[in-house]
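In what follows, a single structure is set out as structure tokens and then discussed.
The values are calculated or read from the model by the stated rules, or taken from the named source; none is laboratory data. Please read these numbers as outputs of a predicted model, since none were measured by experiment. The accessibility values were calculated without ligands, DNA or RNA, using every heavy atom of the protein model including side chains. Shrake-Rupley method; radii C 1.70, N 1.55, O 1.52, S 1.80 Å.
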Amino acid sequence: KDIDHSFHSIEDNKVVHGILEFIKDKNLDMLAMYPRKHELFERIFKGSLTKKIATDIHIPLLTIHE
């Protein structure tokens, strides 16, 4: 409760690009994500969004699993 935080929704045709631009624009200190389970087709052809983000950011990433 004593930590300044906020929640945001962003729109971009390329999800990873949108998140990375948001991090840069807002000068974030940390990013938290809720990774979701992918179906077999998504795992094979799309891959994990969280993994793609984790390889491209230079700030701490907190993943919160259900």
message = On the basis of being open to solvent by less than 80 Å² (accessible area, probe 1.4 Å), at pLDDT 80 or above and not hydroxyl-bearing (Ser, Thr, Tyr), does ASP25 make the cut?
response = no
inquiry  = Suppose we filter the stretch 28-49 for residues that are closer than 17 Å to HIS8 by Cα and either open to solvent by less than 100 Å² (accessible area, probe 1.4 Å) or modelled with pLDDT of 85 or more (or both); how many remain?
reply    = 7
